[in-house]
Amino acid sequence: MSTPRRGTYTPETLLSVAVAVFNERGYDGTSMEHLSKAAGISKSSIYHHVVGKEELLRRAVSRALDGLFGILDEEAAGRGSALARVEYVTRRMVEVLTAELPYVTLLLRVRGNTRTERWAMERRRAFDQRVAELLKAAVADGDLRADVDTRLATRLVFGMVNSLVEWYRPQAGGYDRDQVADTVVRLAFDGLRARG
């Protein structure tokens, strides 16, 4: 990981370094000493920007969560059939995840050991619930299969999207974000679509 030269740190660049270290070592396995070494600055310089490592964690998971919740406020997430909305939200989830990959990776790895982690997990569950409600509405409209448990379908769709943090690397010259989003939506919803 390349780090900015000493003295060039901003809260944003420090956050980026912290997220990389948290993802590599785990939040619990990261000390302020680890962050200081990775950033190439003193611990006191870090404290100039933040109160402690939990503040860095909260900023990082907030960035991921704000991106996800922002999808629900987009015009296309609120108009049209429930099926069109849930397909749109799913596509945008892939786009946010790939655009904010390190931040979403960290969000998906929190385990509830701190107040910030528990807060992040609660917000994640609230987002998941909103998407599950769209799936239920699409079933009620007759657009998605009624013979598939919506809670299970929701978990499987999220599992497919969230698995991207394990293998998607945009710099590796593999799949582009639009291709991945299109494929996830096609695989998920072609299988769930009601046959009439």
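Any read-out appearing in this document is the output of simple, stated calculations on the displayed coordinates, not a laboratory observation. Since the structure is predicted, the reported quantities are computational estimates derived from the model, not experimental observations. Note that each Cβ is placed from the backbone with ideal geometry, even for glycine, and that neighbours are counted across all protein chains shown.
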GNM top mover of GLU117, GLU87, GLU12 - the chain, alpha-carbon springs below 10 Å: GLU12
Lys, Arg +1 and Asp, Glu -1 on Cβ, resulting dipole of the chain about Cα centre, debye, nearest 20: 540 debye
Lys/Arg +1, Asp/Glu -1 at C-beta; the chain dipole; positive extreme among GLY67, LEU56, THR105: LEU56
Separation between Cα centres of region 120-146 and region 37-114, rounded to whole Å: 20 Å
Dipole check, the chain, charges on Cβ (K,R +1; D,E -1), about Cα centroid: among LEU134, ALA77, LEU152 the Cα furthest to the positive pole belongs to LEU152
Cβ under 10 Å from ALA76's Cβ, ALA76 left aside: what net charge do those residues give with Lys, Arg +1 and Asp, Glu -1? +1
How charged is the neighbourhood of TYR47? Take every other residue with its Cβ under 12 Å from the Cβ of TYR47, and add Lys/Arg as +1 and Asp/Glu as -1. +1
Gaussian network model of the chain, springs between alpha carbon atoms under 10 Å - residue of GLU133, GLU75, GLU122 with greatest fluctuation: GLU75
Here the net charge surrounding ASN113, from other residues whose Cβ is less than 12 Å away from its Cβ (Lys, Arg +1; Asp, Glu -1), is +1
Would you grab the residues whose amide H sits under 5 Å from the one on ARG193? Only those 5+ places off in sequence or on another chain, please, with H modelled 1.01 Å from N. ARG145
